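Undergrad: Attaching a single structure in structure tokens format; questions to follow.
The values are calculated or read from the model by the stated rules, or taken from the named source; none is laboratory data. Remember, predicted model here, so these are calculated numbers, not experimental data. Neighbour counts are summed over all protein chains in view; Cβ atoms, including those assigned to glycine, are modelled from backbone coordinates with ideal geometry. Ligands, DNA and RNA are excluded from the accessible area calculation, which covers all protein heavy atoms including side chains. Shrake-Rupley method; radii C 1.70, N 1.55, O 1.52, S 1.80 Å.
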Amino acid sequence: MVTGSTAGIGYAIAEALANEGAAVIVNGRTQPRVDTALGNLKKNSRLRGKVEGLAADLGTAQGVQKAVAQYPDVEILVNNLGIFEPKAFEEIPDEDWLRFFEVNVLSGVRLSRHYLPRMKQRNWGRIVFISSESALQTPAEMIHYGMTKTAQLAIARGLAETTAGTNVTVNSVLPGPTASEGVTNFVGQMAAHKKLDRGEVEREFFRDVRPSSLLKRFETPEEIAAVVAFVCSPVSSAINGTALRADGGVVRSI
């Protein structure tokens, strides 16, 4: 199950896993979005695994209840669902803090609470939280988002501690700035507002907002998906409780 997988990083992860032969549950909030994603995936000639859809808002307790009722057992859970919004700290109301926490953090908590015991009982499973470089470098322009990404690291590490001696792993993957659907739309809006082309807006972003990037461009969702597919695979068995950075070198640490 890949949450929030009708577009962007989630879609690329679903595609990468299906290409490796996994049976993948594609998730989105609405049936039309899910159907469109499934249609696009099925056009892929490299697809080896079957794909099916789950229309449910997993940012709510009710949505998670629907998911686990329809799919009571999964071997791989990728907690990708997330929202972001640039906003000055002084302008973020309580409602936004709670909404970001519920969607970005509690969605993964609720699903993991259901699926992790079953993975342990089966003695095999993978849980991956899609965090962000913002977990380590809190962005001043969206502190509430950064808070949720840091929380994911703590949860993933804590859950991994409970898997000791099993063939179940829980890890986080930290993308850097990525050309997801939301970012692509944001860049387009900024380009229109500043009367610049998209390329100039991207160069400006990495010059002024993420100057530490070594990649100096937005990562593609497929680049992140390749890392996630590896972490989900049987050959990644020695990686557990780890925060894997696929951040384009944005984080200045060793």
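Undergrad: Scanning for something among the charged types (D, E, K, R), at pLDDT 95 or above and under 16 Å from the mean Cα position of the chain (by Cα), does region 81-88 turn up at least one residue?
TA: Looking through region 81-88, none of the residues is among the charged types (D, E, K, R), at pLDDT 95 or above and under 16 Å from the mean Cα position of the chain (by Cα).
Undergrad: So, in region 29-45, of the ones that are of a type in the set (Ser, Thr, Tyr) and within 20 Å of the chain's Cα centre (by Cα), which residue ends up nearest to GLU15 (Cα to Cα)?
TA: Restricting to residues being of a type in the set (Ser, Thr, Tyr) and within 20 Å of the chain's Cα centre (by Cα), the top hit is THR36.
Undergrad: Restricting to region 185-205, what's the tally of residues that are surrounded by 16 or more Cβ atoms within 10 Å (Cβ to Cβ) and either at pLDDT 95 or above or not aliphatic (A, V, I, L, M) (or both)?
TA: 3
Undergrad: Could you tell me which of the residues GLY165, GLY248 is assigned to a loop (DSSP other than H, G, I, E, B), at pLDDT 95 or above, of a type outside the set (Ser, Thr, Tyr) and farther than 29 Å from PRO117 by Cα?
TA: On inspection, the qualifying residue turns out to be GLY248.
Undergrad: Out of (1) under 17 Å from VAL2 (Cβ atoms); (2) aliphatic (A, V, I, L, M); (3) open to solvent by 30 Å² or more (accessible area, probe 1.4 Å), what's the single condition that is false for ILE239?
TA: All conditions are met except number (1).
Undergrad: Out of region 206-226, which residues are open to solvent by less than 50 Å² (accessible area, probe 1.4 Å), free of Cβ contacts under 8 Å to residues at least 60 places away in the same chain and not in a loop (DSSP other than H, G, I, E, B)?
TA: Matches in region 206-226: PHE206, GLU219.
Undergrad: So, one more: Considering only residues that are surrounded by 14 or more Cβ atoms within 10 Å (Cβ to Cβ), among the hydroxyl-bearing types (Ser, Thr, Tyr) and free of Cβ contacts under 8 Å to residues at least 60 places away in the same chain, which ones fall in region 149-173?
TA: THR150, THR166 - these are the residues of region 149-173 that are surrounded by 14 or more Cβ atoms within 10 Å (Cβ to Cβ), among the hydroxyl-bearing types (Ser, Thr, Tyr) and free of Cβ contacts under 8 Å to residues at least 60 places away in the same chain.
Undergrad: Also: Which ones in region 16-48 are out of contact with any strand residue (DSSP E or B) (no Cβ under 7 Å at 6 or more places or on another chain) and either among the small types (Gly, Ala, Ser) or within 12 Å of VAL2 (Cβ to Cβ) (or both)?
TA: Once the filter is applied, which keeps residues that are out of contact with any strand residue (DSSP E or B) (no Cβ under 7 Å at 6 or more places or on another chain) and either among the small types (Gly, Ala, Ser) or within 12 Å of VAL2 (Cβ to Cβ) (or both), region 16-48 yields ALA16, GLY21, ALA23, GLY39, SER45.
Undergrad: Turning to a different aspect of this structure: With region 1-97 as the region, which strands (runs of 3 or more DSSP E) entirely inside it contain at least 1 residues that are open to solvent by 10 Å² or more (accessible area, probe 1.4 Å), without any contact (Cβ under 8 Å) to a residue 40 or more places away in the chain and farther than 30 Å from MET190 by Cβ? Give the steps one after another, and end with the answer.
TA: On the way: elements: 24-28, 51-55, 76-79.
Of the strands (runs of 3 or more DSSP E) lying wholly inside region 1-97, those with at least 1 residues that are open to solvent by 10 Å² or more (accessible area, probe 1.4 Å), without any contact (Cβ under 8 Å) to a residue 40 or more places away in the chain and farther than 30 Å from MET190 by Cβ span 51-55.
Undergrad: Could you please give the count of residues in region 242-254 that are of a type in the set (Val, Ile, Thr) and open to solvent by 20 Å² or more (accessible area, probe 1.4 Å)?
TA: Residues in region 242-254 being of a type in the set (Val, Ile, Thr) and open to solvent by 20 Å² or more (accessible area, probe 1.4 Å): 2 in total.
Undergrad: Return the pairs, sorted by first residue and then second, in which the second residue is in a loop (DSSP other than H, G, I, E, B) and among the basic types (Lys, Arg), the first residue lies in region 174-202 and is closer than 15 Å to GLY10 by Cα, the beta carbons are less than 7 Å apart, and the residues are 6+ apart or on different chains.
TA: From residues that are closer than 15 Å to GLY10 by Cα, the pairs are PRO177/ARG210.
Undergrad: Something else now. Give just the number: which of (1) polar (S, T, N, Q); (2) open to solvent by 90 Å² or more (accessible area, probe 1.4 Å); (3) in contact with a Lys or Arg (Cβ under 8 Å, 6 or more places away or on another chain) does ASN104 not satisfy?
TA: The number of the failed condition is (2).
Undergrad: Continuing with this model, one more query. Conditions first: (1) free of Cβ contacts under 8 Å to residues at least 12 places away in the same chain; (2) surrounded by 14 or more Cβ atoms within 10 Å (Cβ to Cβ); (3) within 30 Å of GLY165 (Cβ to Cβ). VAL231 passes all but one, so which condition is the exception?
TA: (1)
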